[in-house]
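Asks: The structure that follows is given in the form of structure tokens.
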Amino acid sequence: MSTQFDLIVVGGGVIGCAVAYQARSLFERIAVVDQARSLGAMASSAAIGGITPQSDDICGASLSLLADQSRALYPAWLREIENEAAVSIPLHTAGLLQVALSGTELDRLGCVLLPEWISRGVEVVPCSPAELQALEPLLTRRAKGAFLLPREASLEPARLLSALDSVLRRDPRVTVLTGATVEEMRSTPDSIMIRVKGGKMLGCRHAVLTAGLGSGQLLPARTVDPMFPVKGQAMEFQVPRVASYPLRFQLYAKIETAEGTKSAYLVPRVDGRVAAGATYEYGIPDSIPSRAGYESVLAGVTALVPTARSWTVQRHWSGVRPATVDQHPIIGPVTEDARVIAATGHFGLGVTLAPATAELVCSLLGGRDLTIEQQDALDLCKPARFMGDHTARMVEYPPSHVQ
């Protein structure tokens, strides 16, 4: 015997929670199943919270339309969640400064990225060193220049996940099953059967696979697991005597070191904190913070903001991003009858793409017409590319253009 639902969402990260939240308008019996002890406790809990469709290297031109659409959805989506959860989820909307700390990097930004941004219709503002001193006083005087992307945004993922968790658990239409590892998904003529570790069986009419790194093993007809881990480490600081946003903008820079190019990324919080990261440790599946990661993130932070040496380190953590071997998410039907849909492999874009992915998945579940942008996203992210003999010939990781 199995417990029956209209929809089961396998995976309770930010994508799975967003899908379940949106799908309540379509179904009366929904289950969210996650292997962790609480929703959002895996990769989503380690996110810094950038909503950066224009500056994120992983978006590039291919995912930019879906990411831009997601950024546009955020204000109204957050207001709806805030109203239902009776909490505040501050959205920082001042933008992001992509900073050049060397003449070589300034040339790269101006000659490579600027033409790409312009071709995509991105609003971008060049900033001289003198202008930067007025715009962001804490920024290092070593900056050779920067480009302001005023539409980039950020939020604190923990607040978003807590609000989604609260709404889902209070809704009588939703059953939340945590500490439950899905071992098998099997489609029958009458139902989709989901076996949970320990022998429990769940049945449903529709299922959405949002299980991060575990998703690859549950894809039907796959030849290899298309997922791989990318460990990332981050830190959180408290800026002394500051009780509001300590930086006006998000700050991002590529920094050349003896070990290669590293990323420095600072995200201000509404209460005087700054989140910062991040490392990209390809093929590393553990989420144990390391001293090397700590030193790497701290070096990037102090290179951009020298006074950060006096900031209090409140937290150092790590998580594992769910990446795919071709760097694109897996979104779309994975069975011929479209009763099972995948929405996974978002790498570091889970927060950025959450509302747009949820809207796309629910359009598929509800049989609604797709926009041109949604159809383009499906063509790019279709699961079928990992369900045939060509899978093993996909590009290898790590990709050459990661942040």
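Conditions tested, residue by residue: (1) of a type in the set (A, V, I, L, M, F, W, C); (2) under 18 Å from the mean Cα position of the chain (by Cα); (3) within 22 Å of Gly16 (Cα to Cα).
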{"position": "Val182", "(1), (2), (3)": "yes, no, yes"}
{"position": "Ser187", "(1), (2), (3)": "no, no, yes"}
{"position": "Ala211", "(1), (2), (3)": "yes, yes, yes"}
{"position": "Val230", "(1), (2), (3)": "yes, yes, yes"}
{"position": "Tyr245", "(1), (2), (3)": "no, no, no"}
{"position": "Ala258", "(1), (2), (3)": "yes, no, no"}
{"position": "Asp271", "(1), (2), (3)": "no, no, no"}
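Asks: Would you mind finding the one in Thr335, Thr357 that is on the phi < 0 side of the Ramachandran plot, crowded, with 24+ Cβ neighbours inside 10 Å and in contact with a Pro (Cβ under 8 Å, 6 or more places away or on another chain)?
Replies: Thr357
Asks: Closer than 17 Å to Pro355 by Cα, surrounded by fewer than 20 Cβ atoms within 10 Å (Cβ to Cβ) and aliphatic (A, V, I, L, M), is that true of Ala130?
Replies: no
Asks: Now, a different point. Please name all residue pairs, on different chains or six or more residues apart, with Cβ atoms under 7 Å, provided the first residue is in the range 278-289 and is in contact (Cβ under 8 Å) with a residue 24 or more places away in the chain and the second residue is assigned to a loop (DSSP other than H, G, I, E, B).
Replies: What qualifies is Ala278/Ile48; Tyr280/Val402; Tyr282/Tyr397; Tyr282/Pro398.
Asks: Still on this structure: Mind telling me which of the residues Val176, Val112 ends up being touching a residue at least 12 places away in the same chain (Cβ under 8 Å) and β-branched (Val, Ile, Thr)?
Replies: After applying the criteria, what remains is Val176.
Asks: Still on this structure, please answer the following. Among strands (runs of 3 or more DSSP E) lying entirely in the range 310-354, which contain 2 or more residues that are under 20 Å from Ser287 (Cα atoms)?
Replies: Fully inside the range 310-354 and qualifying: 312-324.
Asks: Out of curiosity, is Tyr74 part of a helix (DSSP H, G or I), in the same structural domain as Pro355 (by TED's automatic domain parsing) and in contact with a helix residue (DSSP H, G or I) (Cβ under 9 Å, 6 or more places away or on another chain)?
Replies: no
Asks: Additional query: In the range 206-264, how many are of a type in the set (S, T, N, Q), over 30 Å from Arg195 (Cβ atoms) and without any contact (Cβ under 8 Å) to a residue 12 or more places away in the chain?
Replies: Summing the residues that are of a type in the set (S, T, N, Q), over 30 Å from Arg195 (Cβ atoms) and without any contact (Cβ under 8 Å) to a residue 12 or more places away in the chain in the range 206-264 gives 1.
Asks: Mind checking which residues of the range 281-296 are of a type in the set (Gly, Ala, Ser), surrounded by fewer than 17 Cβ atoms within 10 Å (Cβ to Cβ), part of a loop (DSSP other than H, G, I, E, B) and at negative phi?
Replies: If the condition is that a residue be of a type in the set (Gly, Ala, Ser), surrounded by fewer than 17 Cβ atoms within 10 Å (Cβ to Cβ), part of a loop (DSSP other than H, G, I, E, B) and at negative phi, then Ser290 is the only one that fits.
Asks: State the number of residues belonging to the range 240-280 that are among the acidic types (Asp, Glu) and either modelled with pLDDT of 95 or more or crowded, with 19+ Cβ neighbours inside 10 Å (or both).
Replies: Here the count works out to 1.
Asks: Still on this structure, please answer the following. I'm told Val301 meets every condition in (1) under 21 Å from Leu97 (Cα atoms); (2) free of Cβ contacts under 8 Å to residues at least 12 places away in the same chain; (3) not small (Gly, Ala, Ser) except one. Can you identify the failing condition by its number?
Replies: (2)
Asks: Further question: If you go through the range 38-58 one residue at a time, do you hit one that is touching a Lys or Arg at 6+ places or on another chain (Cβ under 7 Å), farther than 21 Å from Ser215 by Cα, surrounded by fewer than 21 Cβ atoms within 10 Å (Cβ to Cβ) and not assigned by TED's automatic domain parsing to the domain that holds Tyr280?
Replies: Within the range 38-58, none of the residues are touching a Lys or Arg at 6+ places or on another chain (Cβ under 7 Å), farther than 21 Å from Ser215 by Cα, surrounded by fewer than 21 Cβ atoms within 10 Å (Cβ to Cβ) and not assigned by TED's automatic domain parsing to the domain that holds Tyr280.
The values are calculated or read from the model by the stated rules, or taken from the named source; none is laboratory data. Just so we're clear, the structure is a prediction, and the values are computed from it rather than from any experiment. Every residue, glycine among them, receives a Cβ derived from its backbone with ideal geometry; neighbour counts consider all protein chains shown.
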